[in-house]
1. Between residues in segment 128-148 that are farther than 9 Å from Ala167 by Cβ and residues that are modelled with pLDDT under 80 and hydroxyl-bearing (Ser, Thr, Tyr), which pairs lie under 9 Å by C-beta distance while being six or more apart or on different chains?
2. How many residues, within segment 45-63, are surrounded by 12 or more Cβ atoms within 10 Å (Cβ to Cβ) and out of contact with any Gly (no Cβ under 8 Å at 6 or more places or on another chain)?
3. I want to confirm something. Restricting to segment 54-63 and keeping residues that are part of a loop (DSSP other than H, G, I, E, B) and of a type outside the set (Gly, Ala, Ser), which single residue is nearest to the chain's Cα centre (by Cα)?
4. Select, from Ala170, Ala130, the only residue that is of a type in the set (A, V, I, L, M) and modelled with pLDDT of 75 or more.
5. If you go through segment 64-105, how many residues are modelled with pLDDT of 85 or more, surrounded by 13 or more Cβ atoms within 10 Å (Cβ to Cβ) and not in a helix (DSSP H, G or I)?
6. For the subset of segment 141-173 comprising residues that are assigned to a loop (DSSP other than H, G, I, E, B) and either touching an Asp or Glu at 6+ places or on another chain (Cβ under 8 Å) or acidic (Asp, Glu) (or both), which member is farthest from Ile122 (Cα to Cα)?
7. Would you list the helices (runs of 4 or more DSSP H) that sit entirely within segment 4-53 and hold 1 or more residues that are modelled with pLDDT of 90 or more?
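The values are calculated or read from the model by the stated rules, or taken from the named source; none is laboratory data. Quick caveat: nothing in here was measured; it's all calculated off a predicted structure. So basically every Cβ, Gly included, is an ideal-geometry build from the backbone, and we count neighbours across all protein chains shown.
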Amino acid sequence: MLESRKTLSPSIDSLSTTLKTSPKPVGYRISDVAEETGITESVLRIWEARYGWPTPARKSSGYRHYSAEQLEALKIVKYFLDAGRPIGEIIRDPQLDLFSGKVPVLNSPPRKPVKNYNFAAIPFPRSPDAAAVRMQLEAAITADDKAVIQRLEMECVRLRPADRECAVHALLRLRSE
């Protein structure tokens, strides 16, 4: 009886060969990709239909399965979207070469997109010294350069109170919102 059980079960070698040659796609479900990248499932489907990218593998049931390379490429696309580039431009960008199936290589790693501050809503100071401090502070806040922001806060003590409000304090409050 033990012999018959042995002949009915496949060997380890044939099982591993079957698993290696199986066309079953391995990867991330669309919901996982949406959660990981912040791009909604419907947007991913629209891009696939409209631009022909990304083209995930399909299971026999029709469910999409994205590869690790596609997930990484989508993260880079999301970075450029957050930076303000339109999707059509990103997809056609020859430097990214998204249709090659490889993960795009950037010269520098993507940083978190910069928050857009409405500096125009704060009145500009009248004195040239305060205006110079304000312009430096706007650039430092946009770049999120904490060292420069701290240095400029210290420099503002030499300004008149009204100019100090326009040049520094209102900008810092805007940054903390």
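1. Glu138/Tyr117; Ile141/Tyr117; Thr142/Tyr117
2. Kept after step one, since they are surrounded by 12 or more Cβ atoms within 10 Å (Cβ to Cβ), are these residues of segment 45-63: 45-48, 51, 53-57, 59, 63.
Subset that is out of contact with any Gly (no Cβ under 8 Å at 6 or more places or on another chain): 45-48, 53-55, 59, 63.
Going through segment 45-63 one residue at a time, the tally reaches 9.
3. Applying the first criterion (part of a loop (DSSP other than H, G, I, E, B)) to segment 54-63 yields 54-56, 59-63.
Going one step further and asking which of them are of a type outside the set (Gly, Ala, Ser), we end up with 54-56, 59, 63.
Working: Pro54: 16, Thr55: 19, Pro56: 19, Lys59: 27, Tyr63: 24 Å.
Taking the candidates together, the pick is Pro54.
4. Numbers: Ala170 fails: modelled with pLDDT of 75 or more.
Within the list Ala170, Ala130, the selection yields Ala130.
5. Residues flagged as modelled with pLDDT of 85 or more, surrounded by 13 or more Cβ atoms within 10 Å (Cβ to Cβ) and not in a helix (DSSP H, G or I) within segment 64-105 amount to 4.
6. Within segment 141-173, the first condition is being assigned to a loop (DSSP other than H, G, I, E, B), and the residues that meet it are 144-145, 159-160.
From what is left, the residues that are either touching an Asp or Glu at 6+ places or on another chain (Cβ under 8 Å) or acidic (Asp, Glu) (or both) are 144-145, 159.
Details: Asp144: 19, Asp145: 20, Leu159: 17 Å.
Taking the candidates together, the pick is Asp145.
7. On the way: elements: 12-21, 30-37, 41-51.
Per the criteria, 30-37, 41-51.
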